[in-house]
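The values are calculated or read from the model by the stated rules, or taken from the named source; none is laboratory data. Because the structure is predicted, anything quoted here is derived from the model rather than measured. Neighbour counts run over all protein chains shown; Cβ positions are idealised from the backbone, glycine included. Quick note on the areas: whole protein, heavy atoms, side chains included, nothing else; ligands and nucleic acids left out. Shrake-Rupley method; radii C 1.70, N 1.55, O 1.52, S 1.80 Å.
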Amino acid sequence: MAEITASMVKELREKTDAPMMECKKALTEAAGDMGKAEEILRVKLGSKATKAASRVAAEGVVAINISADGKLGSILEINSETDFVAKNDEFLKLAADCAALVAERNPADVAALSALSLGDGTVESVRSGLVGKIGENMTLRRFVRVEAKGQLASYIHGGSKIGVLIDLVGGDEQLAKDLAMHIAASKPKALDSSGVAAELIESERRVAREKAAEDAAKSGKAIPEDILAKRVEGSVQKFLKEVTLLGQPFVKDDKLTVEALLKSRNASIASFTLYVVGEGIEKKVTDFAAEVAAQAAAAKK
C-alpha cells in the first residue's frame, strides 16, 4: 500500500478545498494516485471539490510578438526559478527576442529555437550566459507561431503571467481585445467540444455516473438506466459549456454566449492560444514539520 504523507494530503486539499480527513481517505482509496483521489472527492463532495487546481509552481513570463499588419505572430513561455528574476530586464529582453525569433524564423521546436543566432551567439549561449550571471536556472518551455486567417490580437495580464494570442476573422480590433481578455479570465480549454481531450470528457462522464450511483445508494432507490444516461449526458454537456470558449457566457455580458456574440458581429475565431505561466509544472514543496508531526502521531497508535 502506498504511503500517504501529510504533504500529499495538504496538496490535495489545496487542489480541491476538501476537508483534510476526506483528502486522506481519498488518497488511501486511490493508493496515492493524486488524479484518482481528486476524482473520488468530486464524486463524494460534488462542486466543493472543483476549486481551481492550477497551483502555479514555476515563475517566468509570457511574451507575444505580432507583426505590424497583424498577420503573423507568436506566443512564448520562458520560466525562471523566482519571480524576482522574472522581472529582470535582461530576462524580459530574452523573452521578447525569442518571441520575435519564433515569428520570424519559424523554428520547429525549443531545441531549434535555442540554436538560432541571437546577438553575438545563439539563443542558448545567451540563456546560459544569463544563468551564469544571475545564478538561477531559466528554461524556454513552449511556443506557438500563428499565420493569421483574420487579424491577430493579444492580451497580457498579471505581470505577464497570463498571455493570450487570438486570430479573429471579421469583427474589429475592440472585439478581438475583448475576446482576448475573456479568454484570460475564463481560461477555456478549447474553442468548441471537438477540441476537448477525450480523456477529460470520459473523466466527467465517469464522475457523473459514480455520483449518481452514490446518490442512489444513499436514497436506497435505483436509477433507471435511461434516466441515468440522460443525467450523465447532461453533466457532460454542462462541463463542455464551461470549458469551451464558444459555450461560455461572455464576461462583459453574461446574457450572451461567446458564440452568440460572434454571430451578432458576423465574426469567428480561427484559433486562440492561452498560456498561464507554470501551468502544469509541479514544484514539490515538502512541509517537513507537518510530515514529522503526522509520522509521530502515527507511531503512537
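Structural remarks
- Selection within region 168-194 - of a type in the set (Gly, Ala, Ser), touching a helix residue (DSSP H, G or I) at 6+ places or on another chain (Cβ under 9 Å) and over 13 Å from residue 242 (Cα atoms): 170, 171
- Flag for residue 259 being part of a helix (DSSP H, G or I), surrounded by 14 or more Cβ atoms within 10 Å (Cβ to Cβ), at pLDDT below 95 and of a type in the set (Asp, Glu): no
- Qualifying residue in region 69-84 (condition: at pLDDT below 90, open to solvent by 50 Å² or more (accessible area, probe 1.4 Å), β-branched (Val, Ile, Thr) and not in a strand (DSSP E or B)): yes
- Scanning region 6-25 for residues that are within 24 Å of the chain's Cα centre (by Cα) and of a type in the set (Gly, Ala, Ser), we see that the one that is modelled with the highest pLDDT is 7.
- Scanning region 175-218 for residues that are polar (S, T, N, Q) and open to solvent by less than 70 Å² (accessible area, probe 1.4 Å), we see that the one that is nearest to the chain's Cα centre (by Cα) is 186.
- Qualifying residue in region 102-113 (condition: open to solvent by 10 Å² or more (accessible area, probe 1.4 Å), modelled with pLDDT under 95 and among the β-branched types (Val, Ile, Thr)): no
- Candidate set: region 211-255, residues that are in contact with a Pro (Cβ under 7 Å, 6 or more places away or on another chain) and outside any helix (DSSP H, G or I); chosen: the one nearest to residue 271 (Cα to Cα): 244
- Members of region 40-68 that are among the aliphatic types (A, V, I, L, M) and at pLDDT 50 or above: 40, 41, 43, 45, 58, 61, 62, 63, 64, 66, 68
- If the condition is being open to solvent by 50 Å² or more (accessible area, probe 1.4 Å) and either closer than 29 Å to residue 252 by Cα or free of Cβ contacts under 8 Å to residues at least 24 places away in the same chain (or both), then region 134-153 contributes 135, 145, 147, 149, 151.
- If the condition is being in a helix (DSSP H, G or I) and open to solvent by less than 20 Å² (accessible area, probe 1.4 Å), then region 262-278 contributes only 262.
- Filter pass, residue 3 being modelled with pLDDT of 70 or more and in a loop (DSSP other than H, G, I, E, B): yes
- Check on residue 109, touching a residue at least 12 places away in the same chain (Cβ under 8 Å) and among the acidic types (Asp, Glu): no
- Identification of strands (runs of 3 or more DSSP E) wholly contained in region 107-210 with 1 or more residues that are polar (S, T, N, Q) and within 22 Å of residue 95 (Cβ to Cβ) yields 138-147, 151-157.
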